[in-house]
1. Identify, from the list E60, E74, E81, the residue that is within 21 Å of R138 (Cβ to Cβ), touching a Phe, Trp or Tyr at 6+ places or on another chain (Cβ under 9 Å) and open to solvent by 50 Å² or more (accessible area, probe 1.4 Å).
2. Say whether the condition of being open to solvent by 20 Å² or more (accessible area, probe 1.4 Å) and on the phi > 0 side of the Ramachandran plot is met by at least one residue in the range 94-114.
3. Among the candidates Y86, Y117, which residue alone is out of contact with any Gly (no Cβ under 7 Å at 6 or more places or on another chain) and closer than 18 Å to D7 by Cβ?
4. Between residues in the range 25-53 that are at pLDDT 80 or above and residues that are open to solvent by 70 Å² or more (accessible area, probe 1.4 Å) and among the small types (G, A, S), which pairs lie under 9 Å by C-beta distance while being six or more apart or on different chains?
5. Scanning the range 126-144 for residues that are more than 14 Å from the chain's Cα centre (by Cα) and among the hydrophobic types (A, V, I, L, M, F, W, C), which turns out nearest to N90 (Cα to Cα)?
6. Of a type in the set (D, E), modelled with pLDDT of 90 or more and not in a helix (DSSP H, G or I): which single residue out of E81, E102 fits that description?
7. Any residue in the range 120-140 that's under 15 Å from I32 (Cβ atoms): show its pairings with residues that are surrounded by fewer than 19 Cβ atoms within 10 Å (Cβ to Cβ) and among the acidic types (D, E) at Cβ separation under 7 Å, as long as the two are six or more apart or on different chains.
Amino acid sequence: MNLEALDPSDLLGAIRYKSDWRFFLCTIAEWILDYASYDPGHNTFQSQFVFRNNLFTINEENFSDFLEAIQEYELCLSDVENLLKYDGSNNWPLRIVIDFDEKLYVNGFPEIGIHKYIPSNWRGLEELPLNFVPDHIRELWSQS
């Protein structure tokens with residue numbers, strides 16, 4: 001992993017899907033599950049940029065398609081460990097937790113209430129994301 005190539009304005013998040021935890025470093029827009037509600041004026045047909053494979057509302061039917069759309073932003077566990085070790089946990093806080101198994105969205109980026117733009121049967125919280133991950137993930141931030 002090339003630390004210089006990472007954008008410090010992107011948000012580091014963890015996603016749980018089928019009991020498996022994965023890490024992604026994405027723009028804030030990629031982290032919004034219901035982008036159609038967040039920006040109702042956005043017209044996909046006028047844009048030359050394909051956003052998340054044109055998945056503007058993420059729900060139970062397209063979870064796996066969403067993960068495929070953001071796979072280029074995925075970091076493996078060793079990438080996250082190295083990032084925190086060499087650049088510091090304060091520089092790369094865990095900002096988002098999306099738990100597809102529990103239908104829970106945790107927003108640790110209080111500047112924008114992105115936890116409000118979720119599927120209707122989900123819980124959205126503005127909390128510390130590290131409180132919603134397993135111990136082995138939480139410990140990554142306490143070790144650096």
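The values are calculated or read from the model by the stated rules, or taken from the named source; none is laboratory data. Please read these numbers as outputs of a predicted model, since none were measured by experiment. Reconstructed Cβ throughout: ideal geometry from the backbone, glycine too, with neighbour counts over all protein chains shown. In case anyone asks, the SASA skips ligands and DNA or RNA and just uses the protein heavy atoms, side chains included. Shrake-Rupley method; radii C 1.70, N 1.55, O 1.52, S 1.80 Å.
1. Criteria check complete, one pass: E74.
2. yes
3. From the options Y86, Y117, the qualifying one is Y86.
4. Cβ pairs passing all conditions: T27/S9; I28/S9; D34/S120.
5. W141
6. Working: E81 fails: not in a helix (DSSP H, G or I).
When all the criteria are applied, what remains is E102.
7. none
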